[in-house]
Amino acid sequence: MKKLLLTAVAICMLPLAAFAQEATETKKAEEKAPKVYLPEKGDWSIGFNVAPMLSYIGNLFNGNTNNSLDALNGQPITDNMEGYKKNSIAPDISIMGKYMLTDEWAVRANIGFMVRSNRTNSYVQDDKAVELDPFSEALVVDQMKEQNHGVSLLLGGEYRKGKKRVQGVFGAGLLFGLQKTKTSYKYGNELTELNQQPTLALGGYTSSGYRIDTQKTDSDIFAGLTCSAGVEWFVAPKISLGAEVNLSLYYVFGGQQWTTSTGYNTALGTVEQRTDLTSPGSDSFRFGTHNLGGSLYMSFYF
């Protein structure tokens, strides 16, 4: 009976032993097989712009909030070459996708988003307190809020050259972008019949003497062509670090600017608010090494 039981147990263990043997042989075969580092036909890829991340890491270690890789990124796409942070559509976050048509050719897309908001506060004298006491040092707060939002899109193709872990990557495509800006003010001193031009530290007055509440611009539209050249270094199978620079030719259709202001209408004897078209919008042409995201990036192929 004991021998029969041992025989039955051995028979039951045979499939497990066979499975373990097969798993061991498969693992050995995989270890012997060469690792595939480079992308192949049919692969998909997703990538992320890492320049903001590197800047943040640098700030984290040295306590400096001014670290930047803008010089390496090239000149950002903008409608105002004097203002990168305020008027650029170079995205804060950029996501790239690719599909490999062959081992060398791919189609790709890049979409970026920009959301910037800045609030500035400043002290100014309290007009009401000064009216009651000329020697008063009471203060109130003026506030300015600047907003700049945008989206960018690039659609195109690329060709890569190289059989080892470092490949040259060359691309071309169509780019499109939108951006919208708005500046608004809140004032500490109230505008009244008796105080028709209150003291202010931020903002200003229009030519008609009305105090500015908001200034906003209709969407600026960017459209054009771009080509790029760069390299990808595959640090692990199907995982790469890349850097590229773009040469772009694009046109900017500038939006109209509107100003909303508040003032005292002497004819009606009341405080009123009005909205005026203050700029018809200006178009411009740009050509140069403007980067639309992806200047420094990490990609994953699968």
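Read the figures in this text as sums done on the coordinates, not as results from a lab. Keep in mind that what you see is a predicted model, and the values were worked out from it rather than measured. Using ideal geometry, Cβ is built from the backbone for each residue, glycine included, and neighbour counts are taken over all protein chains shown.
Worth pointing out:
- Each Lys and Arg contributes +1 and each Asp and Glu -1, all at the Cβ; summed about the Cα centre of segment 102-173, the dipole is approximately 1220 debye.
- Residues in segment 133-160 reached by a label modelled at A223 [backbone nitrogen below 13 Å; 7 Å Cα→Cβ]: none
- In whole angstrom, segment 109-175 maps to an equivalent ellipsoid with semi-axes of 59, 13, 6, each derived as √(5λ) from the alpha carbon gyration tensor and ordered largest first.
- Which listed pairs, of K98/K216; K128/K216; K35/K98, have C-alpha distances above 32 Å, in listed order: K98/K216
- By average C-beta atoms within 10 angstrom, highest first, the peptides 259-270, 145-156: 145-156, 259-270
- The amide H of Q256, built 1.01 Å from its N in the peptide plane, has D218 as neighbours under 5 Å, considering only residues 5 or more places off or on other chains.
- HN-Hα J in Hz across segment 151-163 - Karplus 6.51, -1.76, 1.60, θ = phi - 60°, x for Gly and Pro: 9, 10, 9, 10, 10, x, x, 8, 10, 10, 10, x, 9
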